[in-house]
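Peer 1: One structure, as C-alpha cells, below. Some questions next.
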Amino acid sequence: MESFQPEYDKNGVLSDTFWKTPQRAIPGRPCQRVGQSEVMSGSSYQQFQASVNDAWDLGDDDIISGIAETRISKAISQTVALNVINSHRNSNKNVNKSDVKVETDNVKSENEAKVVKRNEVKKVGSGAGVSSGIMRPYPGRPRPVRLSALTSREESNESKLERFQQLQENAVVDLNELKQLSWSGIPVKVRAITWRLLAGYLPANTERRAETLQRKRADYKHLVRQYYDAERDDDTYRQIHIDIPRMSPLVALFQQSTVQVMFERILYIWAIRHPASGYVQGINDLVTPFFMVFLQEAAPGEELDNFPLDKLTEEQRDIIEADSFWCLSKFLDSIQDNYIFAQLGIQYKVNQLKELIKRIDKPLHEHLQNHGVDYLQFSFRWMNNLLTREIPLACSIRLWDTYLAESDGFATFQLYVCAAFLLHWRERLLLERDFQGLMILLQNVPTQNWTDSNISMLVAEAYKLKFAFADAPNHLQSDR
Amino acid sequence: MGTREDEYDYLFKVVLIGDSGVGKSSLLSRFTRNEFNLESKSTIGVEFATRSIEVDGKTIKAQIWDTAGQERYRAITSAYYRGAVGALLVYDIAKHLSYENVERWLRELRDHADQNILIMLVGNKSDLRHLRSIPTEEAKAFAEKNGLSFIETSALDSTNVEPAFQNILTEIYRIVSQKQMRDQPEGDVIRPDAEPADARPSQADSVRKQCCQ
C-alpha cells in the first residue's frame, strides 16, 4: 500500500495553505464575539458557559446510558448469522435445482453453503457476460435508484414482523433482543422506529419517547436557526451546495428543491458540530438511507421515486429532517475517524483489509499485487461511503439494519463486510489479466440486480470472518 | 500480453486535478466514453479510466486518474501523482475561485508529482459564455508565464475535449520517443505491468523552458 505523506514541507512543518482553519464559531469553543479577557474572568463564567453550551444536547447522555451495557453475545449473533445462511440456502436450493445443475459429487452438509455461493458466482458471471457491455455502470453515471424495491420482499415475513411488534409493545424495549432480531433485517413496517431505537435516538422506555422526540426535534430547529439561518461558513456551505444536486441526478425525488434544502441543512449542521472532520464528500450519501426510511414512514405505500414532498405537511417534513439528522449523528459517531484529517480511520482500515486478505486469500492478494492494484485505490470509496456507491439503495438500507444492530458500533464490522465484498468477486477478479481490467471491475462491480438476500449473504460471510479473525490477530499468519 | 485490442506501444499515466465541481469527471467521461451527464456524482478519492489513441501509427494508452476536488481528500489523492507524466489542471471559466486556486494546485504538483510532469491548464465549461468570469487571454498569459500549455474545453458540448487529451498525450509521446532514440530503445513496448513512470519525459523541463521564453 502506498503510504501517504501529510503536507509537511522540507522543515517538517505543516504547510499552512491547504488546510484552512475555520473562521467561524465552533460548538463548544468560546464564542468569538466574546472578548478574550471577559471569557477568562471569573465573574463572567456564566457568559462563558452560555457561549459554549451549544456543544451539548440535553438528554444526549441519558439516552446513551441506556444502551451502554447492552452487548450482543457472540453465540447469539452467530446463531442469527447461521439462520440467515440456512434460510438463504433453503431459498436458493429451489432456484438452483430448477436452472442450475447442482454439483452433487462433493456437496455434503457443511460445504453446501459454499456451493450455493459458487453457483451464484457462476450465474452472476454468465449473466453479466451477456449484458456487461450495455449495463456496466461507470463512476459518475447515475444509477436508477429503484426505490420500489424497498417495499417488496421481507414484508411477507409476517412472523418476523409480529416478533418486532410484540417486542416494541413492552414498556421498556429490550434493546439486546431488538438487536438480535434486527441483525438479519428489519421489516419495512417497523424499520423507522427500530432504526431510531437502535441508533440510540429514541429511548427504550416508552413513557419517555414523546417528550424526548419533541425536545430533540425542537433542538434541531434551534440549531438550524443558530447556524444555518445565520451567517454561514462559506467553504463548508459551498462544498455541500455543490454536492447535493448531483447526488441522484436522475431521481425526481432528489431534484426537488425542498429535498435538497433539507439535505443541505442536515449536512451543514452536522459539519459545524463536528469541526474535527467537517463535511467530507460522500457523507451526503450517508443521509439518504435515513431520509428514505423516515420518508417511507410518512408516506407508506407510496411510490417514492417521484414523490412530491410538498404532499406532506410541514410538520411531517420537519420530523423527517430532524430525525435524519439525529440518527445520522449517532450513526457516524463510531466512524468519525474516517473523516478527520488525512482520513486516518480509513487508511488504517484499508491496511487492515490488505492484511486480512493476505492471510485468508493469498492467491487473490497476490493477483492484485502482481498487477499493481493497491487496496487504497478501490476500497477507499467502499469505506468512505459505506458501500453506498457500490450497491443499490435498497441494499444499503438492508445493510444498515445490520450495522445499526452491531453491538459495538459497526466500525470493526465494516472492515469485514468490505473483505467479504471483495472476496465475493474473487473468481471474476482472478480472470482479469491486467491492472486496467482489475480496476475497472473493482470500481464498477455489477450489483445492479442485488437484493436483500445478497446483503444477508454478505453480512453472514462478514460475520464468519470477524468471528474467525477479529480476536485472533495471529491466526493464519504463517509467513511471519 | 493480452489480446490484440489490449496491445499498445506506450502507457502514460495522467492525472486530472482541480477544484470540486469544475468538471474533471465530465471531461474524463467525455473523453473515454463520449458520455456526458449534467450532474455526475462527486468523485470519492480517485477513480480510474483508460483510453487509447493513435499517434504516428503508435498506440498510446492513457491511464487517467480522476481525483476528488475537495481539500480533505488531498492527502489521499496526492499519493496518485506519483508516476504521472501528465496533469490536466482544470478550472471552471465561470467560477473565479476555481481559477484563483490554480496556483495552489501547481504547488501541490510541485510537492508531490515528478518534477518533469507535463501540465496543461484547462478552462472547462466554455459553453457558459454568458457566465464567463476569466477572460481567455488572462488564463493564456498565466499559462505561458508558468510554462503550462493551455486550452479551453466544454465537456457538455464536446468542444476541445478530444484535442486537450490528444495534445498532452502527443506532447508526452514526442518527449518520450526522442528520449528513446537518444537512449537506445530497449523495445517499443512498455509492458502493462511496468510502472508507467518509466515513460517519464526527462526532457520536459527543457521543452517547457523553450515555450515560455
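Peer 1: In sequence order, what are the phi-derived ³J(HN,Hα) couplings for region A:329-340 according to the Karplus relation 6.51 cos²θ - 1.76 cosθ + 1.60 with θ = phi - 60°, rounded to whole Hz, with x for glycine and proline?
Peer 2: 4, 5, 4, 7, 3, 7, 10, 4, 5, 5, 10, 7
Peer 1: Still on this model: Given R₀ = 56 Å, what would the calculated FRET efficiency be for residue A:205 paired with residue A:355, taking r from the Cβ atoms and rounding to 0.05?
Peer 2: Numbers: r = 43 Å, r/R0 = 0.76.
The computed FRET efficiency comes out at 0.85.
Peer 1: Could you give the C-alpha radius of gyration of region A:304-391 expressed as a fraction of 2.2 N^0.38 Å, taking N as the number of residues it contains?
Peer 2: Values: Rg = 19.1 Å, N = 88, 2.2 N^0.38 = 12.1 Å.
Its radius of gyration relative to the 2.2 N^0.38 Å reference: 1.58.
Peer 1: Based on the Cα gyration tensor of region B:96-186, what are the three equivalent ellipsoid semi-axes, each the root of five times an eigenvalue, rounded to whole Å and given largest first? Could you put the intermediate results ahead of the total?
Peer 2: Working: eigenvalues 160, 58, 20 Å².
In descending order, the three semi-axes are 28, 17, 10 Å.
Peer 1: Treat each spin label as a single point 7 Å out from the Cα along the C-beta direction, and report the residue B:183 to residue A:306 distance in nm.
Peer 2: Spacing of the two 7 Å Cα→Cβ label points: 6.0 nm.
Peer 1: For region A:363-479, what class follows from the C-alpha gyration tensor (a ≥ b ≥ c being the square roots of its eigenvalues): rounded when a/c is under 1.5, otherwise prolate if a/b is larger than b/c, else oblate?
Peer 2: On the way: a/c = 1.96, a/b = 1.17, b/c = 1.67.
Cα axes put region A:363-479 in the oblate bin.
Peer 1: Another question about this same structure. In Å, what Rg and Dmax follow from the Cα atoms of region A:358-432?
Peer 2: Rg and Dmax of region A:358-432, Cα atoms, are 13.5, 38 Å.
Peer 1: A further question follows. From other protein chains only, count the Cβ atoms within 10 Å of every residue's Cβ in A:239-246, then give the mean.
Peer 2: Rounded to a whole number, the mean comes out at 4.
Peer 1: Another question, if that's okay. Using modelled amide H (1.01 Å from N, peptide plane; none on Pro or chain starts), what sits under 5 Å from the amide H of residue B:63, excluding residues fewer than 5 places away?
Peer 2: B:12, B:13, B:14
Peer 1: Quick one: order A:452, B:183 by neighbouring beta-carbon count within 10 Å, fewest to most.
Peer 2: Arranged by neighbour count, lowest to highest, A:452, B:183 become B:183, A:452.
Peer 1: Report the Cα-based extents of region B:1-156 along its three principal axes, largest first, to the nearest Å.
Peer 2: Over region B:1-156, Cα extents along the principal axes are 48, 32, 32 Å.
Peer 1: Long-range amide H contacts for residue A:205: which residues qualify at under 5 Å (H placed 1.01 Å from N, peptide plane, sequence gap of 5 or more or a different chain)?
Peer 2: Residues meeting the amide H criterion: A:173.
Peer 1: Further question on the same structure: Is there a pair in A:160/A:358; B:13/B:145; A:354/A:464; B:61/B:125 whose C-alpha atoms are over 29 Å apart, and which pairs would that be? It would help to have the intermediate numbers written out before the result.
Peer 2: Working: A:160/A:358 39 Å; B:13/B:145 25 Å; A:354/A:464 17 Å; B:61/B:125 26 Å.
Violating the 29 Å limit, Cα to Cα: A:160/A:358.
Peer 1: Moving on. Give the Debye-formula value of log10 I(q)/I(0) at each listed q (0.17 Å⁻¹), with one equal scatterer per alpha carbon of region A:241-347, two decimals each.
Peer 2: Once normalised to I(0) and log-transformed, intensities are -0.79.
Here, each number is a calculation from the coordinates, and none is a lab measurement. The structure displayed is predicted, hence computed values, not measured ones. Methodologically, a virtual Cβ is constructed for each residue, glycine included, from the backbone with ideal geometry; neighbour enumeration extends over all protein chains shown.
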